[in-house]
1. Could you please state, rounded to a whole Å, how far the C-alpha centre of segment 542-613 is from the C-alpha centre of segment 234-261?
2. Please find the FRET efficiency linking D373 to A426, where r is the Cβ-Cβ separation and R0 is fixed at 45 Å, and quote it to the nearest 0.05.
3. For segment 552-567, in order, what is each residue's ³J(HN,Hα) by Karplus, 6.51 cos²θ - 1.76 cosθ + 1.60 with θ = phi - 60°, in whole Hz (x at glycine and Pro)?
4. Below 11 angstrom from the Cβ of A112, what's the summed charge of the other residues (Lys, Arg +1; Asp, Glu -1)?
5. Within 10 Å, count the other beta carbons around each residue, average over each peptide in 135-145, 610-620, and list them highest first.
6. By the gyration tensor of its Cα atoms, with a ≥ b ≥ c the square roots of the eigenvalues, what is the shape of segment 67-119: rounded for a/c under 1.5, prolate for a/b over b/c, or oblate?
7. Using θ = phi - 60° and the Karplus curve 6.51 cos²θ - 1.76 cosθ + 1.60, what whole-Hz ³J(HN,Hα) does each residue of segment 388-404 get, with Gly and Pro shown as x?
8. Any chance you could list the semi-axes, whole Å, largest first, of the equivalent ellipsoid that the Cα gyration tensor gives for segment 1-121, using √(5λ)?
Amino acid sequence: MTTTTVTYFPTILLVPLAAAAVIALFLRRKGTAAAAVSVLAAAFVAFDAVRMALRGVRFESSTEWLRLGDLAISIGFKFDDLAALMLVIVGIVGLCVHVFSLGYMHDDESKARFFGGLSIFMFSMLGIVFADNLFMMFIFWELVGFSSYVLINHYHAKQSAADASKKAFIANRVGDFGFLLGIVMCFWLNGTVSLTALAAKGEAHTLVFSTLVPLLLFCGAVGKSAQLPLHVWLPDAMEGPTPVSALIHAATMVAAGIYMLCRINVLMVPDALTVIMWTGTATALYAALCAITQSDIKKVLAYSTLSQLGYMVAAFGLGSLTVEHMHGTESHKIVLAAGVGAAMFHLTTHAFFKALMFLGSGSVIHGCHHEQDIFKMGGLRTRMPLTFWTFTIGVAAIIGFPYLAGFFSKDAILYLAFANNKAVFALLALTAVLTSLYMVRLWKLTFLGTPRSEEADHAHEGGLTLTLPLVLLAVLSLVGGYTAFYPSAFADVVALIPEAHGSAHTIIFITSLGVMLVGASIGYTFWQSTPTDTLSDKAPGLFAALSALKNSFDRAYDYYVAKIQQRFALLVNFFEQIVFAGLIVRGLAGIVGLFGLGARALHVGNLNVYVYWFLFGLVALWLFATGVVSL
């Protein structure tokens, strides 16, 4: 593959923006036409992304947009192997979601608004992919947050959807505040936020390192990729239409945080990486525990997404723990590349099989007349055979069935954990057991047994627009783990992982296979096809504990807002109204007003009164002049 460096403007970036503009201006009441425009734009993005990746088109270009003293904010584009991989993911998954939405949203009265939101989201994600500096990335980062808010709130008449969209928006703003502080501090220390310039400074040993900068930037990933403690928005975001869940909350938006971390890897230091590693590990285990008690098919997948994102974050942190401030050396590059490679590898495979399962859940919900409770399903294997088989491939991929996509990418992360931190390895292996357990539970309760509701009994397969994306994503879930399908430079990075730790290959393989079998066996044998949760029936204490764990952060935030933040706000309001606005502002104004009243009282228009005041003034001056009276 040949790589070319050219001055280039990615027209692919403007296509979804143009589609959104056309829909907003001309097609707001023409849902079918709006859908066609949005799908055509997504198809162009997907095909052009694959074309650029395979042809080796690589470029960097930058134009100064705004200057504030020494601060120059540029509009620039950086398209390397990492960006090419992310662009292909966004393009392919985005196209599948658009096509699936044609059938899923067919009867929606606000279809035009929905597809306009999808196009805005595609534009925002492409901006993050192409951004060559942190300020430009932050601009599109916020646009992604806005489009997520719009799409989650698509059913705006539904109170739970409105609340979920606000929760997502606020939680992400908390993380984004830290992200913005990190960008400012990075510029203050290094005089640039250009990704290329920062990498060059790293090569030249002139980069100024700080533990605070990568941790502040990581705050953005904590919000966008839903890591502890800002993960609370993602499960609630399932209130949006199912295609939105597949596009934003499985494969693209939540993956933006991982992509950003890989972009700023040159700024990483061991202490920051340790924090990142443990944050990801804790999120992976916590979310897996929460998923066990879920009954909503989409919320099981949501917590599964949280858990797998934790895997990716942990992988990034693990890949560089052996580095000792040796930035710019060859050993640093290899070990760091392993962390970036493992994180992006799992991001890629996860995008395929999780989008497959989210769209598969959408097919199930559509076929069951919008029933989402897995305890009211069952027997769908014979009623929806294509959905069953494609969903089965997705489940097999995520639990690490040998030689499917998830098997390779999960093993890559376990390699790094085994080599760098045995405690993290043990926790991630436990998470893998739980993943197999709750995914097989979901699969069994949804598709096997007999129907447990009238909706499930009358379930049916959807049309071509609902099933064709499932087939494509199922194929990608089968072959996505083979590095021959990736850009050459990225394939080399992934290949470093097993080579660097070849002696552990057998241990990892046995561990991976063992945890999959243990979790799958428990999930299949323990849960029975009944209208109630078997765990709740047989172990109510454990079920209650896991349910409480799920709600613990929401309760903590509710307590904080009601008991601390609100009371602090009332205290601040008291000081503002009484002390500042009352005593200082209005008090001074009142004193001046009193002097004014007194002064006006002296002006009565009577000559005799003025003569008396004149004599009084002369006497007062004489007393001061002679020293009889002194101040």
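The values are calculated or read from the model by the stated rules, or taken from the named source; none is laboratory data. Bear in mind that the values here come from a model prediction, so they are computed numbers and not experimental data. Here the Cβ is made from the backbone with ideal geometry for all residues, glycine too, and neighbour counts use every protein chain on show. Each accessible area value is taken on the protein alone, full model and side chains, heavy atoms only, with ligands, DNA and RNA left out. Shrake-Rupley method; radii C 1.70, N 1.55, O 1.52, S 1.80 Å.
1. After rounding, the separation between the Cα centres reads 42 Å.
2. Numbers: r = 34 Å, r/R0 = 0.76.
Efficiency at R0 = 45 Å is approximately 0.85.
3. 4, 5, 4, 5, 5, 5, 4, 5, 4, 5, 6, 9, 10, 4, 5, 5
4. Values: positive: R28, R29, K30, K111, R113; negative: D108, E109.
Local charge sum for A112: +3.
5. Numbers: 135-145: 20.9, 610-620: 10.6.
Sorting 135-145, 610-620 by mean packing, highest first, produces 135-145, 610-620.
6. On the way: a/c = 7.63, a/b = 1.85, b/c = 4.12.
Oblate shape, in that a/c is at least 1.5 and b/c is the bigger or equal ratio.
7. Karplus-based 3J(HN,Hα) across segment 388-404 equals 4, 5, 5, 5, 4, 4, x, 5, 4, 5, 6, 7, x, 4, x, 6, 8 Hz.
8. 31, 20, 10
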